[in-house]
1. Rank the residues Ile148, Ile353 as a footprinting-exposure proxy: fewest other Cβ atoms within 10 Å of their Cβ go first.
2. Treat the count of other C-beta atoms within 10 Å as a stand-in for reagent exposure and order Trp88, Trp11 from fewest to most.
3. Exposure proxy check: Glu295, Glu350 ranked by fewest other beta carbons within 10 Å?
4. How large is the charge dipole for the range 100-321, taken about the Cα centre, if only the Cβ atoms of Lys, Arg (+1) and Asp, Glu (-1) carry charge, to the nearest 20 debye?
5. Leaving out same-chain residues fewer than 8 places away, which aspartates and glutamates sit with a Cα under 15 Å from that of Lys80?
6. Distance check, please: which entries in Lys33/Lys166; Lys84/Lys342; Lys12/Lys147 exceed 25 angstrom between their Cα atoms?
7. With just the Cα atoms defining each centre, how far is the range 181-252 from the range 32-73? Give it in Å.
8. List the residues, sorted by chain then number, that are 5 or more residues from Val171 or on another chain and whose placed amide H is less than 5 Å from its amide H.
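Just so it is clear, none of the values below were taken in a lab; they were calculated from the coordinates. None of the values given here were measured: they were computed from a predicted structure. Because the Cβ atoms are built from the backbone with ideal geometry, glycine has one as well, and the counts that use them run over all protein chains shown.
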Amino acid sequence: MTTANASDEDWKLLLSFFPPNWKELAKVTEALKGLRQDKSEENYMRTLLLHLGCGFSMRETVVRARQAKLAELSDVALLKRLRKSKDWLYRLCCAMFEERGLVAESASLPTLRLIDATVVKEPGKTGSQWRIHYSLQWPTLVCDYFKITAAEGKGSGESLRQFPLKPRDYVLVDRGYCHASGIHYAADRKAFLTVRLNPDGILLQAPNGSKFGLLERLKSISATGQMQQWEVLVPFEDHAPVSARLCVVRKSQMAIALAQKKLRRYASKHGTQLQPETLVYAQYVMVLTTFPALEFSLQQVLDHYRFRWQIELVFKRFKQIAQLGHLPKYDQDGAKAWLYGKLFVTLLTEKLIQHARALSPWGYPLAQQATSQPVA
């Protein structure tokens, strides 16, 4: 009598959620090229997922892979395989993103750079904290820059200065990068920037050089979905001010209520005094942009930032589901492969959760059966 192996059954079910061409992508990216043994795509992927999905160390992964008869290799060989799989994992992520419908609406849109940073910690009680700075191109999903710095100390914070910018780069960042120094850094390199406004972190001037009265101008935007833009200047030390546009749209009443509730909860939890203007700012989405006005209208700027927020949500879930909290000490290629692998695990998990909302009693979707045809 053959003993049922639940792991084999679960693996076959998990494979049904993979992109249909996942094996072909392994050949295209040459992930298996040069391997003398264990050339099975399935065994290769299962071994990688022990490390990426289950969080096992390199040594524990190779032991478990050997016990499961997936691969006979050392931890050094596994690291080499991880490096070789970078492009394969990247292409798998691209395929998963395309399934979600997150593709560019028009080929005429410029390539955007989505920049962000996050803090991770090395394993162990005494593990050091590190900050990952990464830049992702859209719609190609290519990680065009990757850097790891200490989490604390001079030159380690979230800043555009962590990234090399070139002329006509179109950069989208969140409010953590809303600093005059970063805006001037991008302008000096002739790059264009769109950033969520942090009213408390930056000084804005009217075109005549006077202080920009933000609260007073927001009073003119009272209807849900109403949009407005103003020309502003961003001064910085002894540099000439940078010209920009402040693009604003009013949120829905429900979105306003949720944002203000979150602010009150945060103030109550931390024992801080909530300023009245903070509740006013919560009623709007405010974006500061240097994107050319002739190429990007007010609505296009806001649409682009909303599009970036969809990607930001993906990365937030990426950090939570994939447990991006312990970055192994790899070289840059190994670290990129590890990040792409974690992103693939996240997208796969979300796809499983989506299907599980309509869970069947037997745990998997029924295969389509050919209907019988009457003989005439």
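1. Least to most surrounded, the residues fall as Ile353, Ile148.
2. Trp11, Trp88
3. Numbers: Glu295 10, Glu350 16.
Ranked by crowding around the Cβ, least crowded first: Glu295, Glu350.
4. Details: 30 positive and 18 negative charges, 168 e Å.
The dipole of the range 100-321 has a size of about 800 debye.
5. In chain and number order, the partners are Glu30, Asp38, Glu72, Asp331, Asp333.
6. Checking Cα-Cα distances, Lys33/Lys166; Lys12/Lys147 exceed 25 Å.
7. Each part reduced to its Cα centre gives a spacing of 51 Å.
8. Arg113, Phe192, Leu193, Thr194
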